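Worksheet for the structure shown next.
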Amino acid sequence: MTALWVLSTLAITVWATRGYLNAIFALGLGKVARKRIVLPVLSKTVADPPFVTILLPTYNEYAVVDRLLGAVTKIDYPAYEVIVADDSTDKKTMRHLGAWEKSGKVRIVHRDSRSGFKAGALNNALDFSRKDGDYLLFFDADYVPTPDIIWKMLADFSGGIADVVQGYPDPSLNSSKNVLTRSVRASSSYYCLVDVATRQRMKGFIPIFGSVFMIKKVVLEKVGGFDESSITEDWALASSLAENGYRVVFDEGISVPAECPTTLRSLMRQQMRWAEGMTRDTKNHFLKMLGSRKATPMQKFDYLFYGFSQFSSIFGVTSYAISAVAVLINAGLLTTLKLDRGLILGLGPFGQYALFIAPIYLPLAFIIGASVALHREGRASDIPWCFSALAVTLLLIPFVAFSSVKGLLFKKGSWSRTPKTGETA
């Protein structure tokens, strides 16, 4: 038990230490600068703009589909089409979509089966896209893009470096609804504006978030489209892109608002799917990534560090559980079980660290990182919500740990949809 405690505490200490370093580096990036585009100027100067296909995966999204399609059909760009990749089974959603298709502004590609889940729906819809299109732009159903979103995305391709541009998905539409939504937004800010922003600065592995991203159509075709065996098709796609030397650019200045999960159950199911899918996809791409001659050493390290990051939950649960037992042993409360106090005393300074310092050092990394993210975003007044975000994270740890084990041991998983409400608060 002592060896397991040492291993678990060391593992999550390394994880937390990188969190502190990321926070320091992110602080040096300064405030987030929102990208601004002057539409009239661009419209006049670009004589033959590239053609963009907007793809929108939907599954029983009656509460938000009108808001989504209302936004994308008002995008100010002269050369684009809108295709809805629909797997809906409820008649209400299908009525809404039918009305939009009759308007002539969107094309609905409906499937009667959910084969391949979201990835399958998108691959199927791609067959109906314009064959000579240049770029593909993706939004999930709860997002509300601004009219200048295409111009903003295309600006990042102009230097010839990017193959994919990932914007900042900001779950702000209903973030003030309750403590949970405020906590989710704080956690999201930390992940995007500290974690991913620092990885980009260090030229590490940049993930795709499944929404608010634009990719060259030819690039998606070359990597074989979306992986229909994956329940986290965005992570699987980012894995294939890195293995083949394609560049993903994260632009934090392109912010698109979306919804937060509003209940603990929906958040739990979302996080469990992500943990299971990411772990399985990383396992499946492990050897390909290591053997890739096009991925850099930093990308490989980053990929493995974050791809198996859900195991930090397992180590965290183990370390804190054993620490709790150690406290009882040290207090002499478990003498009837004849447990050896050497579990603590025999480890010397490390035992003292694991017992008294680590329980503070580890969660403090999250608090500092999330605070830096909110500072960068100009939301310093929301910093107190970092503590509730930490509490939610700790509450979810056992469930995330369980799901990561499932991802490691089993070849297939099931898709769980995160409910959308259409509320703004």
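Every condition in (1) within 21 Å of residue 306 (Cβ to Cβ); (2) buried (at least 17 other Cβ atoms within 10 Å of the Cβ) is met by residue 385 except one, and the failing one is (1). Checking each residue in the range 135-145 for being among the charged types (D, E, K, R) and either within 18 Å of residue 215 (Cα to Cα) or without any contact (Cβ under 8 Å) to a residue 24 or more places away in the chain (or both) picks out only 140. The residues of the range 408-425 that are touching a residue at least 40 places away in the same chain (Cβ under 8 Å) and in a helix (DSSP H, G or I) amount to a single one, 408.
When the range 1-36 is filtered for residues that are outside any helix (DSSP H, G or I) and either buried (at least 16 other Cβ atoms within 10 Å of the Cβ) or of a type outside the set (D, E, K, R) (or both), the ones remaining, listed by number, are 1, 28, 29, 30, 32, 33, 35. Every listed requirement among (1) touching a residue at least 24 places away in the same chain (Cβ under 8 Å); (2) within 26 Å of residue 307 (Cβ to Cβ) is met by residue 367 save one, (1).
When every residue of the range 154-165 is checked against the conditions, at least one turns out to be of a type in the set (A, V, I, L, M), surrounded by 22 or more Cβ atoms within 10 Å (Cβ to Cβ), touching a helix residue (DSSP H, G or I) at 6+ places or on another chain (Cβ under 7 Å) and in the same structural domain as residue 206 (by TED's automatic domain parsing).
Examine the range 268-275 for a residue that is closer than 20 Å to residue 244 by Cα and of a type in the set (S, T, N, Q), and state whether such a residue exists. No: zero hits.
Highlighted here are the strands (runs of 3 or more DSSP E) found entirely within the range 77-158 that include at least 3 residues which are of a type outside the set (A, V, I, L, M, F, W, C): 80-86. Go through the residues of the range 183-202 one by one and say whether even a single one is crowded, with 20+ Cβ neighbours inside 10 Å, in a loop (DSSP other than H, G, I, E, B) and either of a type outside the set (Phe, Trp, Tyr) or touching a residue at least 60 places away in the same chain (Cβ under 8 Å) (or both). The answer is no; no qualifying residue exists. Put simply, of 275, 236 the only residue that is part of a helix (DSSP H, G or I) and modelled with pLDDT under 95 is 275.
Yes or no, residue by residue, for (1) surrounded by fewer than 15 Cβ atoms within 10 Å (Cβ to Cβ); (2) touching a Lys or Arg at 6+ places or on another chain (Cβ under 8 Å); (3) among the aromatic types (Phe, Trp, Tyr):
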| site | (1), (2), (3) |
| --- | --- |
| 251 | no, yes, no |
| 265 | yes, no, no |
| 269 | no, no, no |
| 272 | no, no, no |
| 278 | no, no, no |
| 289 | no, yes, no |
| 297 | yes, no, no |
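Only one of the numbered conditions (1) part of a loop (DSSP other than H, G, I, E, B); (2) in contact with a helix residue (DSSP H, G or I) (Cβ under 6 Å, 6 or more places away or on another chain); (3) surrounded by fewer than 24 Cβ atoms within 10 Å (Cβ to Cβ) is not met by residue 205, and that is (3). Across the range 98-121, not a single residue is classified as within 23 Å of the chain's Cα centre (by Cα), under 19 Å from residue 214 (Cβ atoms) and surrounded by fewer than 21 Cβ atoms within 10 Å (Cβ to Cβ). Remark: pairs (first residue in the range 146-162, in contact (Cβ under 8 Å) with a residue 60 or more places away in the chain; second residue among the polar types (S, T, N, Q) and not in a helix (DSSP H, G or I); Cβ separation under 9 Å; 6+ apart in sequence or on different chains) = 146/255; 152/146. When the residues of the range 139-153 are filtered to those that are buried (at least 23 other Cβ atoms within 10 Å of the Cβ) and aromatic (Phe, Trp, Tyr), the one that is farthest from residue 222 (Cα to Cα) is 143. Selection of the range 211-245 for residues being surrounded by 21 or more Cβ atoms within 10 Å (Cβ to Cβ) and in contact with a helix residue (DSSP H, G or I) (Cβ under 7 Å, 6 or more places away or on another chain) yields 214, 226, 227, 230, 231, 232, 233, 235, 236, 239, 242, 243. Per this entry, residue 274 is counted among residues that are touching a residue at least 24 places away in the same chain (Cβ under 8 Å) and outside the structural domain of residue 148 (by TED's automatic domain parsing).
Residues in the range 54-87 that are among the polar types (S, T, N, Q) and surrounded by fewer than 23 Cβ atoms within 10 Å (Cβ to Cβ) were compared, and the one that is nearest to residue 115 (Cα to Cα) is 60.
The values are calculated or read from the model by the stated rules, or taken from the named source; none is laboratory data. Here the structure is a predicted model, which means the values were calculated and not measured. Glycine also receives a Cβ, built like all others from the backbone with ideal geometry; neighbour counts cover every protein chain displayed.
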